[in-house]
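Report on one structure; see the data block that follows.
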Amino acid sequence: MAVPPNPHWWRGGAVYQVYPRSFADSNGDGIGDLPGVTARLEHIARLGADAVWLSPFFKSPQKDFGYDVSDYRAVDPMFGTLSDFDALLAHAHALGLKVMIDQVLSHTSDQHAWFAESRASRDNPRADWYVWADARHDGTPPNNWLSVFGGSAWQWDTRRRQYYLHNFLTSQPDLNVLNPAVQDALLEEVRFWLERGVDGLRLDAINFCCHDVQLRDNPGRGEPVHVDPTAPSANPYAWQVHRYDKSQPEALDFLRRLRQLVDGYPGAAMVGEIGDEQGLALMSQYTGGGDKLHMAYCFDLLGPNYDAVHLHDMLARQQALIGDGWPCWAISNHDCVRVATRWGGAQPDAQLLRQAAALLLTLRGSVCIYQGEELGLPEAKLAFDDLQDPYGITMWPEYTGRDGCRTPMPWQSGASDMGFGSGLARPWLPLAEPHRALAANKQWATVDSLLHHYRRLLHWRRTRPALYAGTQTLLPSDGPVLAFERAHADERLLCVFNIGAEPARYTVDHARWALARWAPGQSCGLRQEHEALLLPAHGVAFLSSPTST
């Protein structure tokens, strides 16, 4: 008997992010493409992911590498054709994988036909499809809002003699999503892909979609004294409290309209990216009530802090705020330093990387895994002349940008191009030689590799309702040890992590809990001693209740 489709596959599901430019090159031009992704989907299916998230492959001038869309319905020729996408979708489905695609709904490229019309005059049919504002009396921008990528968030346009808003590059004008006609148009662009059979959407920077209509100045806060994972301290963007330029309550109504559309396609789901210091609160707002996003992730695990105090505080706040919402967790993506370097430094401890994987895959919520994370790839070091990222070029040298996490995926350790497919062509970013020893073929062939560690954890997660659907109870802070309980029906699991670099003791009621020797991902050297559990540095332990099955 055929297994009926699960419309709630996303709830507790694992999504593998593919950055197509860097995943696999099928035609030897140095740029990854859709046929290259299709040829490597077995890797993702074998790993145990439930879905693939594809970063943008739409027609674009590539000023921000696809996050500047000029035609939402067209595949950029560098990535292939619509037929190539259909083939990818069909092969993914044959492997049991869902396919989610990026949708960039807060802004477009300045090459988009909508913007060309909008900037032509102040009275054309799309004149108010973007955020336009008059200059102040002295010709300066209407307020103090800053671009994430540096400088003012306003760009002067000589045709309209007005400023337009751009939260990112000047070539990425912000759509006026407060305009119902803009919402209608965006919904039709989304519908095109849903009709084509995609299983979900990842909504880029979705909290940027609405702005304060009064265009009030953001409050200043001076040079930051704490880490803001949404912007480096060298960026003046971090010197403001972003009260008015993003994260406005009007976004909720647009999300409700999106959800109404998506609900017409059974099994389709949305995950939103929230770039805001109040990301945990917005995660609750954007996913609560069952009428907006299915899930959302923020940047609280994408910053440099990895210690028990930070993690406990973050999880306590999340647990208090989430209500009936649903989190999605990520420790790496295409916008931040790779986790091996960000948390592990220049010489990351192998046990720390195994612990990070175990933590990610036992938290309550869904998860995203970024390509190469399962291999333990460190951040690539690039010379200034090799940089492609405009953000890094602007902020160099204090911030080197995002290219270091976007270098080509290493598939074959013995191949000159590491199996990326570029052959003799120069890839769009240099190959990172330290990645060669971590190539996928070597790790698939090594049973105790980090890749197999991820695989075992992912397959185990799928079989344990306590992990993919259960409640989570955070236990009191205890030095370097983080612990929480996951439970569903009569299944109970205690997850214990020594976040420190030295051995640690954790008190456990052994009448209630016993080491779950059958659970994968646990550290060697675990010992029970009277009422204590002894954990090695970066140790992981899973304990089960005697009543658990």
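Do you know which residues across region 191-245 are among the aromatic types (Phe, Trp, Tyr), under 23 Å from Leu165 (Cα atoms) and surrounded by fewer than 15 Cβ atoms within 10 Å (Cβ to Cβ)? Listed by number, the list is empty, since nothing qualifies.
Residues that are within 22 Å of the chain's Cα centre (by Cα) and among the β-branched types (Val, Ile, Thr) are absent from region 385-396 altogether.
Residue by residue, here is whether (1) under 27 Å from the mean Cα position of the chain (by Cα); (2) in contact (Cβ under 8 Å) with a residue 40 or more places away in the chain holds:
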site	(1), (2)
Leu474	yes, yes
Val481	yes, yes
Phe484	yes, yes
Glu491	no, yes
Glu502	no, no
Asp509	no, no
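Okay, residues lined up against (1) at pLDDT 95 or above; (2) of a type in the set (Phe, Trp, Tyr); (3) crowded, with 21+ Cβ neighbours inside 10 Å; (4) over 22 Å from the mean Cα position of the chain (by Cα):
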{"position": "Asp86", "(1), (2), (3), (4)": "yes, no, no, yes"}
{"position": "Ala94", "(1), (2), (3), (4)": "yes, no, no, yes"}
{"position": "Met100", "(1), (2), (3), (4)": "yes, no, yes, no"}
{"position": "Tyr130", "(1), (2), (3), (4)": "yes, yes, yes, yes"}
{"position": "Pro141", "(1), (2), (3), (4)": "yes, no, no, yes"}
{"position": "Phe149", "(1), (2), (3), (4)": "yes, yes, yes, no"}
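Got at least one residue in region 473-480 being assigned to a strand (DSSP E or B) and either of a type outside the set (Val, Ile, Thr) or touching a Gly at 6+ places or on another chain (Cβ under 9 Å) (or both)? Walk me through how you get there before you give the answer.
Of the residues in region 473-480, the ones assigned to a strand (DSSP E or B) are 473-474, 478.
Now narrow it down to the ones that are either of a type outside the set (Val, Ile, Thr) or touching a Gly at 6+ places or on another chain (Cβ under 9 Å) (or both): 474, 478.
Yes, region 473-480 contains a residue that is assigned to a strand (DSSP E or B) and either of a type outside the set (Val, Ile, Thr) or touching a Gly at 6+ places or on another chain (Cβ under 9 Å) (or both).
Across region 41-63, the number of residues qualifying as closer than 17 Å to Arg202 by Cα, open to solvent by less than 10 Å² (accessible area, probe 1.4 Å) and not β-branched (Val, Ile, Thr) comes to 8.
Among the residues of region 420-427, is any open to solvent by 10 Å² or more (accessible area, probe 1.4 Å) and under 26 Å from Val227 (Cα atoms)? Reasoning before the result, please.
Going through region 420-427, the residues open to solvent by 10 Å² or more (accessible area, probe 1.4 Å) turn out to be 421, 423-427.
Right, trim to under 26 Å from Val227 (Cα atoms) and you get none.
So far as region 420-427 goes, no, none of its residues is open to solvent by 10 Å² or more (accessible area, probe 1.4 Å) and under 26 Å from Val227 (Cα atoms).
Within region 100-145, the only residue that satisfies the criterion of being over 21 Å from Leu186 (Cα atoms) and β-branched (Val, Ile, Thr) is Thr140. Arg436 meets each of the listed conditions (1) of a type in the set (Lys, Arg); (2) closer than 28 Å to Asn27 by Cβ; (3) touching a Leu at 6+ places or on another chain (Cβ under 7 Å) apart from (3).
So if I check each of Thr400, Thr407, Thr446, Thr394, which one is touching a Pro at 6+ places or on another chain (Cβ under 7 Å) and of a type in the set (Ser, Thr, Tyr)? Outline the logic, then answer.
On the way: Thr400 fails: touching a Pro at 6+ places or on another chain (Cβ under 7 Å); Thr446 fails: touching a Pro at 6+ places or on another chain (Cβ under 7 Å); Thr394 fails: touching a Pro at 6+ places or on another chain (Cβ under 7 Å).
Exactly one of Thr400, Thr407, Thr446, Thr394 is touching a Pro at 6+ places or on another chain (Cβ under 7 Å) and of a type in the set (Ser, Thr, Tyr), namely Thr407.
When only residues in region 518-540 that are assigned to a strand (DSSP E or B), among the aliphatic types (A, V, I, L, M) and surrounded by fewer than 19 Cβ atoms within 10 Å (Cβ to Cβ) count, which is farthest from the chain's Cα centre (by Cα)? Looking at the filtered set, the residue picked out is Ala532. Counting only residues that are of a type in the set (S, T, N, Q) and in a loop (DSSP other than H, G, I, E, B), which one in region 217-240 is nearest to Asp276 (Cα to Cα)? My answer is Thr230. Cβ separations smaller than 8 Å between residues 6+ apart or across chains give the following pairs from region 172-183 residues that are outside any loop (DSSP other than H, G, I, E, B) to residues that are open to solvent by less than 10 Å² (accessible area, probe 1.4 Å) and polar (S, T, N, Q): Asp174/Ser106; Asp174/Asn167; Leu175/Ser106; Leu175/Thr108. What do you reckon, is Leu169 touching a Ser or Thr at 6+ places or on another chain (Cβ under 9 Å), among the aliphatic types (A, V, I, L, M) and buried (at least 16 other Cβ atoms within 10 Å of the Cβ)? Judged against the criteria, Leu169 is a match. Reported count of residues in region 176-193, each being of a type outside the set (Asp, Glu) and over 13 Å from Phe254 (Cβ atoms), is 3.
Hey, does region 253-266 have a residue that's among the β-branched types (Val, Ile, Thr) and either exposed (fewer than 15 other Cβ atoms within 10 Å of the Cβ) or under 26 Å from Trp343 (Cβ atoms) (or both)? Checking region 253-266: not a single residue is among the β-branched types (Val, Ile, Thr) and either exposed (fewer than 15 other Cβ atoms within 10 Å of the Cβ) or under 26 Å from Trp343 (Cβ atoms) (or both).
Report yes if Arg492 is more than 30 Å from Met78 (Cα to Cα), in a helix (DSSP H, G or I) and either open to solvent by less than 10 Å² (accessible area, probe 1.4 Å) or not small (Gly, Ala, Ser) (or both), otherwise no. Here the answer is no, as Arg492 does not meet what is asked. Within region 447-472, the set of residues being open to solvent by 20 Å² or more (accessible area, probe 1.4 Å), closer than 25 Å to Gly96 by Cβ and without any contact (Cβ under 8 Å) to a residue 40 or more places away in the chain comprises Val447, Thr463, Arg464, Pro465. Taking the condition open to solvent by less than 30 Å² (accessible area, probe 1.4 Å) and without any contact (Cβ under 8 Å) to a residue 24 or more places away in the chain, does Trp154 pass? Yes, satisfied. For region 113-128, filtered to residues that are in contact with a strand residue (DSSP E or B) (Cβ under 8 Å, 6 or more places away or on another chain) and among the basic types (Lys, Arg), the residue that is least open to solvent (accessible area, probe 1.4 Å) is Arg119.
Please find, within region 397-408, the residue that is farthest from the chain's Cα centre (by Cα) out of those that are farther than 15 Å from Ala340 by Cα and open to solvent by less than 10 Å² (accessible area, probe 1.4 Å). Within region 397-408, the match that is farthest from the chain's Cα centre (by Cα) is Pro408.
Among the residues making up region 389-442, those that are among the small types (Gly, Ala, Ser) and assigned to a loop (DSSP other than H, G, I, E, B) are Gly401, Ser413, Gly414, Ala415, Ser416, Gly419, Gly421, Ser422, Gly423, Ala425, Ala432, Ala439.
The values are calculated or read from the model by the stated rules, or taken from the named source; none is laboratory data. Since we're looking at a predicted model, the values are computed, not measured. Note: ideal-geometry Cβ built from the backbone for every residue, glycine included; neighbour counts use all protein chains shown. Surface accessibility is based on the protein's heavy atoms, side chains included, excluding ligands, DNA and RNA. Shrake-Rupley method; radii C 1.70, N 1.55, O 1.52, S 1.80 Å.
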